Amino acid sequence: MKEKFISERQVKYKTIFAFLFFILAFAAGIYLWKLVRKEPQAGGVPTTLRKGLMYDEKLFSSTFNKDKLVKTYPKSEAVKKVRVNGNLGLKNPNIDTATWRLQVVKNNGDTMFFSLNDIKKLPKTEIVYDFKCIEGWSQKTWWGGVRFSDFINHYHLNNEAKLNYVGMNTPDKEYYVGIDMPSILQPQTLLCYEMNGKPLPVNQGYPLRLIIPVKYGIKHLKRIGTIYFSNERPPDYWAERGYDYYSGH
Amino acid sequence: MQKIVKKHPLAIRWFHWINFPVLGVMVWSGLLIYWANDVYAVKIGGQQIIKFFPKSFYQALHVPFRLAEGMAYHFVFMWLFFINGLLYVLYTAFSGQWRYLLPTKKSFKEAWLVVLHDLHISKKVPPQTKYNAAQRIAYSAIVVMGLGSLISGLAIYKPVQFSLLARLCGGYESARVIHFILTIGYCLFFLVHIIQVILAGWRNFQSMITGFEVIPVKKPIPDENVSTSNLPQ
């Protein structure tokens, strides 16, 4: 550390200048903070923050590698008591698989209808992985169903899979998610009809739910009604309420 | 004339005073996130000693039901925290300031002298250059903690893409524990830091804003045995 001799006037001048600058800089910081807090909201958060989240998405989705698999576990490690954390879109307790159909809207506007048995005919894939809720908890859970990418290939939906996003709704349209195509085509994404080796319970989305291990639980829509494809971002229930649209791992 | 000593370079003052509010926002938004799954507690023999955190604490700080808001702030301000921290480390490395900062071999012994002296147990004044031994350890540790927060944070944020970091932290859940403990660490650091700054007095605090500290010039004592060679001639 250098020692120096300067006049008392200079000490005074330097001190006052430094303090004035310091106070001004801090005031400017507080002013900016208040400006952001008062901004118009975009999807439930101030616009600047939403822009920040979009920037994060752009950066981290560019490094997304669909060959990178989520860590899996033996079935013995799966929990027996699977946490239920939401019943949006499940209001009607009597869902009848005799009449329930999965609707898939194609690019040309046609809608395809699938019964649960149609889906079960495709090869079954099972996974035990760490299900992560955006709230911060996680659980090792065991699911079974059809790989989303297998479903796409089997029903020749490859042109649809060239679009940027997939949208999904519950039959009552109360809950809806939008998911980027690379994430949903990741080989561990399932159209899921089994949990712990048994048919899905109603509160876990019977007859068919989405299991997408590279996303938080909020994207794992229960009781799928409709699937559609789009280049525009499909509306997303929680992204409209302040959460990150991407919500991916 | 007054004798001054240049203590804190301008860049370090910038980094310090930017870090203070930014880390504040990170801790606050982190608390909003933590609330949504507030499972940590300190238990001794099955008996809960401290719960993180009591209801009254949340209510006093208006924490409940602000998870989305917390995440939005956290994932925007993380950039400021990261960039500011990175620039600080680079500056410290290349300017040579690390010489005042990194603990030396002696520091770990001397740090005890500092603690004993500050607690008024020992009267022996420990050696002090820009920073004393305890400061060297604390200010270096806080940089390592920052790196720890960055790594454990990324492990929680993208546990699949950064699976290596998640493994380094001992898995997703333990990354969250590490991230939490480090945050408690910042709060304790802050507490001790504030107390020490108050005890060190205004001249010391002022130097973090002006960059220099005015050294009171002792009048030469009329004693032949005392050398005055270090005073201005």
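Tabulated values for the structure
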| read-out | value |
| --- | --- |
| Linear extension gain, B:W28 paired with B:K106, 0.36 nm per residue minus alpha-carbon span | 24.4 nm |
| Trypsin sites (Lys or Arg not before Pro) within the range B:69-136, DSSP loop, no more than 10 other Cβ atoms inside 10 Å | B:K105, B:K123, B:K124 |
| Length released on extending from A:N203 to A:K162, taking residue separation times 0.36 nm less the Cα-Cα span | 11.5 nm |
| Helix B:10-35 axis, angle to chain B major axis (alpha carbon atoms, nearest 10°) | 30 |
| For chain B, built as a Gaussian network whose Cα springs stay under 10 Å, the top-fluctuating residue of B:L147, B:L80, B:L199 | B:L199 |
| Computed FRET value (nearest 0.05) for A:E240 with B:F205, which takes r as the C-beta separation and R₀ as 60 Å | 0.80 |
| FRET efficiency for A:K2 and A:K66, using Cβ-Cβ distance with R0 set to 60 Å, rounded to 0.05 | 0.60 |
| Loop-located trypsin sites (Lys or Arg not before Pro) in the range A:11-88 whose Cβ has at most 15 other Cβ within 10 Å (DSSP) | A:K68, A:K80, A:K81, A:R83 |
| Rounded, prolate or oblate (a/c below 1.5 giving rounded, otherwise prolate when a/b exceeds b/c) for the range A:52-181 by Cα gyration tensor | rounded |
| All-pairs alpha carbon distance profile, the protein assembly as shown, 20 Å steps from 0, percent | 19, 44, 24, 11, 2, 0 |
| Rounded to the nearest 20 debye, dipole of the range A:97-171 from Cβ charges on Lys, Arg, Asp, Glu | 120 |
| Charge context of A:K140, other residues only, Cβ under 9 angstrom, K/R +1, D/E -1 | -2 |
| Spin-label model distance (nm) - A:N87 vs B:K55, 7 Å beyond Cα toward Cβ | 2.3 |
| Charge tally in the Cβ shell below 14 Å around B:W98, where Lys, Arg are +1 and Asp, Glu are -1, B:W98 excluded | +3 |
| Selection from A:Q103, A:S76, A:L190, by position along the positive dipole direction of chain A (Cβ) | A:S76 |
| Karplus (6.51, -1.76, 1.60) ³J(HN,Hα), θ = phi - 60°, over the range A:82-89, in Hz, Gly and Pro reported as x | 8, 5, 10, 10, x, 10, 5, x |
| Highest-MSF residue in chain A out of A:G178, A:G86, A:G217 [GNM, Cα springs under 10 Å] | A:G86 |
| For A:Y155, net neighbour charge (Lys/Arg +1, Asp/Glu -1) across residues whose Cβ lies under 10 Å away | -2 |
| Percent RCO, i.e. relative contact order, over chain A, from Cα pairs under 8 Å lying at least 6 residues apart | 21 |
| Rough spin-label spacing in nm, given labels placed 7 Å along Cα→Cβ, for A:T99 and A:A27 | 6.9 |
| Nearest 10 degrees, 0 to 90: helix B:107-118 Cα axis against chain B principal axis | 80 |
| Of the chymotrypsin sites (Phe, Trp or Tyr not before Pro) in the range A:100-158, those whose Cβ has at most 16 other Cβ within 10 Å and which sit in DSSP loop | A:W137, A:Y155 |
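Read-outs: derived from the displayed coordinates by stated rules, not from any lab. Treat the numbers as computed from the prediction; the structure is a model and nothing was measured. Every residue, glycine as well, gets a Cβ built from its backbone with ideal geometry; the counts of neighbours run over all protein chains shown.
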